[in-house]
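The values are calculated or read from the model by the stated rules, or taken from the named source; none is laboratory data. Just so you know, these numbers come straight off a predicted model, no measurement behind them. Reconstructed Cβ throughout: ideal geometry from the backbone, glycine too, with neighbour counts over all protein chains shown. Surface accessibility is based on the protein's heavy atoms, side chains included, excluding ligands, DNA and RNA. Shrake-Rupley method; radii C 1.70, N 1.55, O 1.52, S 1.80 Å.
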Amino acid sequence: MKPFELENGEVAIDASVIAEGLGLALPLLREQMRAGKITSQSERGIDDDSGRYRLTFFSEHRRFRVVVDEGGAIIQRSTLNFGDAPLPKSLHRPGG
């Protein structure tokens with residue numbers, strides 16, 4: 001699997017990319033996703049950003065964001081780490 005794939009309007013990203021971005025071991029990421037402790041948002045670009053997708057993943061203390069193009073290339077990635085403090089709710093809104 002490529003790091004990112006788009007098929008029939010469905011977005012898929014390799015779990016190892018998310019685990020790395022959130023600073024978690026892959027088994028812990030999977031466990032926390034099943035428990036609903038990892039959440040996500042997907043946004044599709046319009047106008048100048050057409051053909052791009054912004055995927056955002058949230059854990060208790062981190063936000064990982066990745067921007068990809070429809071060909072599967074990762075254009076940008078960023079992580080906000082709040083250390084021991086909880087992630088502010090304001091960071092859970094699109095574009096936030």
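Miscellaneous remarks
- Heavy-atom accessible surface of the chain: percent carbon and sulfur, 1.4 Å: 46
- Legend: residues R62, R34, sorted from most to least accessible area (1.4 Å probe; ligands, DNA and RNA excluded), read R34, R62.
- Accessible surface of E60, taken over heavy atoms with a 1.4 Å probe and every protein chain present, rounds to 120 Å².
- Leading residue at positive end of dipole, the chain (Cβ point charges), from L28, F64, S50: L28
- Gain on full stretching of the segment that runs from K37 to K89 - 0.36 nm per residue minus C-alpha separation: 17.3 nm
- Cβ-defined net charge surrounding G45, 15 Å radius [Lys, Arg +1; Asp, Glu -1]: -2
- Mean residue ellipticity (222 nm) of the chain, computed from DSSP H runs ≥ 4 via -39,500 (n - 2.57), nearest 500: -5000 deg cm²/dmol
- Cβ-derived FRET efficiency at R0 41 Å, H61 paired with N8, nearest 0.05: 0.75
- Placing +1 on the Cβ of every Lys and Arg and -1 on the Cβ of every Asp and Glu, with no other charges, gives the chain a dipole of roughly 420 debye about its Cα centre.
- The chain, accessible area per residue, ligands and nucleic acids excluded (1.4 Å, Å²): 63
- Potential lengthening between S78 and D48 on full extension [0.36 nm per residue; Cα-Cα distance subtracted]: 8.8 nm
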